[in-house]
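S.K.: Okay, here's the structure, questions in a sec.
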Amino acid sequence: MSAPPQNPLHERYASREMAAVFSEKNRYGQWRRIWIALAEAQMELGLPIVPEQIQALRKVAGDTDFERVAEIERETRHDVVAHLRHFAEQAPEAGGILHLGATSAFVTDNTDALLTREALQLLEVRLVTVVSELASFAERTAAVPTLAYTHLQPAQLTTVGKRACLWLQDFLNDLAEIRHRLRTLRCRGAKGTTGTQASYLKLFDGDHAAVVELDRLVSEKLGFTERYPVTGQTYPRKQDSQILAALAGTAESAHKFGTDVRLLQGLGELAEGFGSKQVGSSAMPYKRNPIRSERMCALARRLLTDSLNGPLTASTQWLERSLDDSANRRLVLPDAFLTADAVLTVAAHLASGLTLHEETIEARVRRELPFMVVENLMMEATASGGDRQQLHERLRNLSLEAHHAVARGEENPLYESLAADPEFPLSAEELRAIDSSSLTGRAAEQVAEFLRDQVEPAIAGSRTFEVEEPRV
């Protein structure tokens with residue numbers, strides 16, 4: 001007997017919390033919630049609906065028989081009609097008041113807004129946790145000198161904590177964007193078949209004020225203070241595009257973070273956590289591969305490609321609506337949120353378990369430190385009346401000679417070369433006495449200021465989740 005088909009996002013990567021948001025039980029439970037909200041609002045505004053009918057609907061709202069729904073859908077070829085008829089079967093005294101004046105998009109679009117809100121709230125918690133863990137790492141390593149790289153070549157000195165703040169700042173921007181999307185998220189409300197509210201106007205005998213109030217009241221019952229003032233049959237698909245762009249932003253940040261960790265682990269300066277029984281390679285027992293970072297980057301690339309569907313769908317909708325968005329959104333929106341959840345869960349775990357190899361960092365700094373001092377020497381010599389361009393050329397030649405010596409496996413001779421040059425009045429001993437921490441500029445101070453002024457206010461009082469080993 002073959003194994004049942006699996007969705008790796010559900011089975012392997014995403015959290016159970018995010019999987020629950022996009023489960024059939026939650027999605028179709030929201031459909032019923034929306035139908036009840038519509039009927040209740042219509043009752044409150046004077047349509048011939050009685051409280052007993054609302055109560056009958058509430059009584060069976062959590063008892064969906066999905067096999068029965070599937071049976072009806074095979075006959076009707078329409079998922080909303082199938083669920084609607086099944087709901088009416090379960091509460092026959094109220095079946096006649098369901099879906100009055102509504103179209104399928106009333107149910108599906110408002111549900112998508114509800115699920116999006118749930119999912120964004122969960123991602124906010126994930127991001128706050130990533131930011132919190134990276135902030136702790138940055139604070140611990142704020143003053144640890146390390147080589148800064150441009151073009152993956154040693155450039156000058158920075159500190160480990162300052163580099164961590166570069167990752168942290170990206171995630172902090174993502175947090176702000178996710179919160180912005182939550183604040184500005186809108187539901188469709190009650191707009192009718194093509195958005196004109198004609199069906200509702202008919203129900204309320206031409207009472208425009210009642211129709212406007214119905215739109216407001218339904219949205220309020222769903223927990224939305226904002227709804228789109230005008231729509232076609234659906235809410236503008238640009239909202240999906242904006243949401244997917246925000247999720248893609250988290251993928252960008254995570255991929256940059258994961259790539260840097262992979263590079264630094266390859267250099268031996270930093271490592272992700274490694275369990276006592278963890279196996280790095282089936283062939284090479286000594287391996288400690290950065291599998292979390294690699295997984296995070298892989299999932300981040302998936303999320304980046306998912307996000308492309310947002311603008312493609314938003315830009316190709318016809319007039320008041322076409323249905324070619326349906327299958328795409330049905331796949332992409334849950335997929336993107338599940339992937340973002342998996343990415344950020346790994347990011348939080350990765351940030352919480354980073355191991356610093358300070359001896360390796362110090363050895364690399366010592367080897368490259370003579371090159372790091374030349375910029376300061378050039379500025380000092382220029383301030384004493386030297387020609388900056390001539391000094392730059394002289395230092396460039398001495399540095400290149402030193403690089404060749406190091407490449408041959410020799411000790412770095414740059415201090416001796418500088419001490420022998422009359423343009424730079426420092427002895428080799430004085431040059432060797434230069435402390436690497438004196439060459440990191442304001443890196444440590446920048447870390448402290450950034451954590452105090454930017455990070456702490458952003459996450460103060462925010463909820464986090466308990467960082468555990470990713471599911472697989």
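The values are calculated or read from the model by the stated rules, or taken from the named source; none is laboratory data. All figures in this text were calculated on a predicted structure; none of them were measured in a lab. Here the Cβ is made from the backbone with ideal geometry for all residues, glycine too, and neighbour counts use every protein chain on show.
S.K.: Scan Val218, Val230, Val212 and give me the residue that is without any contact (Cβ under 8 Å) to a residue 12 or more places away in the chain and over 29 Å from Val130 (Cβ atoms). Spell out how you get there, then give the answer.
M.R.: On the way: Val218 fails: without any contact (Cβ under 8 Å) to a residue 12 or more places away in the chain; Val230 fails: without any contact (Cβ under 8 Å) to a residue 12 or more places away in the chain.
Going through Val218, Val230, Val212 in turn, just one is without any contact (Cβ under 8 Å) to a residue 12 or more places away in the chain and over 29 Å from Val130 (Cβ atoms): Val212.
S.K.: What number of residues within segment 104-126 are surrounded by 23 or more Cβ atoms within 10 Å (Cβ to Cβ) and of a type in the set (D, E, K, R)?
M.R.: Within segment 104-126, residues that are surrounded by 23 or more Cβ atoms within 10 Å (Cβ to Cβ) and of a type in the set (D, E, K, R) number 3.
S.K.: Further, regarding this structure: Quick one: what pairs do we get from segment 33-46, first residue more than 11 Å from Arg58 (Cβ to Cβ), second surrounded by fewer than 21 Cβ atoms within 10 Å (Cβ to Cβ) and acidic (Asp, Glu), C-beta under 7 Å, 6+ apart or different chains?
M.R.: Sorted first by the residue in segment 33-46, then by its partner, the pairs are Leu45/Glu213.
S.K.: Kindly evaluate Val343 against the criterion of being surrounded by fewer than 19 Cβ atoms within 10 Å (Cβ to Cβ), over 26 Å from Ala142 (Cβ atoms) and among the β-branched types (Val, Ile, Thr).
M.R.: Numbers: surrounded by fewer than 19 Cβ atoms within 10 Å (Cβ to Cβ): no; over 26 Å from Ala142 (Cβ atoms): yes; among the β-branched types (Val, Ile, Thr): yes.
Considered against the rule, which asks whether it is surrounded by fewer than 19 Cβ atoms within 10 Å (Cβ to Cβ), over 26 Å from Ala142 (Cβ atoms) and among the β-branched types (Val, Ile, Thr), Val343 comes out as no.
S.K.: Would you kindly identify the helices (runs of 4 or more DSSP H) lying entirely within segment 423-472 that contain at least 3 residues that are modelled with pLDDT of 75 or more and at negative phi? Please lay out each step first, then the result.
M.R.: Details: elements: 428-432, 443-450, 456-459.
Filter on segment 423-472 gives 443-450, 456-459.
S.K.: I'd like to know if segment 454-465 contains one or more residues that are surrounded by 15 or more Cβ atoms within 10 Å (Cβ to Cβ), in contact with a Leu (Cβ under 9 Å, 6 or more places away or on another chain) and more than 30 Å from Ala340 (Cβ to Cβ).
M.R.: No, segment 454-465 contains no residue that is surrounded by 15 or more Cβ atoms within 10 Å (Cβ to Cβ), in contact with a Leu (Cβ under 9 Å, 6 or more places away or on another chain) and more than 30 Å from Ala340 (Cβ to Cβ).
S.K.: Check segment 227-239 and report whether any residue there is surrounded by fewer than 18 Cβ atoms within 10 Å (Cβ to Cβ) and part of a helix (DSSP H, G or I). Can you show your working first?
M.R.: Filtering segment 227-239 down to residues surrounded by fewer than 18 Cβ atoms within 10 Å (Cβ to Cβ) leaves 229-230, 236, 238.
Still in the list and also part of a helix (DSSP H, G or I): 238.
So far as segment 227-239 goes, yes, one or more of its residues are surrounded by fewer than 18 Cβ atoms within 10 Å (Cβ to Cβ) and part of a helix (DSSP H, G or I).
S.K.: Checking the condition part of a helix (DSSP H, G or I) and either assigned by TED's automatic domain parsing to the domain that holds Gly258 or among the basic types (Lys, Arg) (or both), which residue from Ala336, Ala381, Ala402 passes? Please lay out each step first, then the result.
M.R.: On the way: Ala381 fails: either assigned by TED's automatic domain parsing to the domain that holds Gly258 or among the basic types (Lys, Arg) (or both); Ala402 fails: either assigned by TED's automatic domain parsing to the domain that holds Gly258 or among the basic types (Lys, Arg) (or both).
Only one candidate passes the filter, namely Ala336.
S.K.: Looking only at residues that are part of a loop (DSSP other than H, G, I, E, B) and surrounded by fewer than 17 Cβ atoms within 10 Å (Cβ to Cβ) in segment 55-80, which one is nearest to the chain's Cα centre (by Cα)? Step through it out loud before you land on a result.
M.R.: Let us first name the residues in segment 55-80 that are part of a loop (DSSP other than H, G, I, E, B), namely 61-65, 77-78.
Now restrict to residues that are surrounded by fewer than 17 Cβ atoms within 10 Å (Cβ to Cβ): 62-63, 65, 77-78.
Values: Gly62: 32, Asp63: 34, Asp65: 35, Arg77: 36, His78: 34 Å.
Filtering segment 55-80 for residues that are part of a loop (DSSP other than H, G, I, E, B) and surrounded by fewer than 17 Cβ atoms within 10 Å (Cβ to Cβ), the one nearest to the chain's Cα centre (by Cα) comes out as Gly62.
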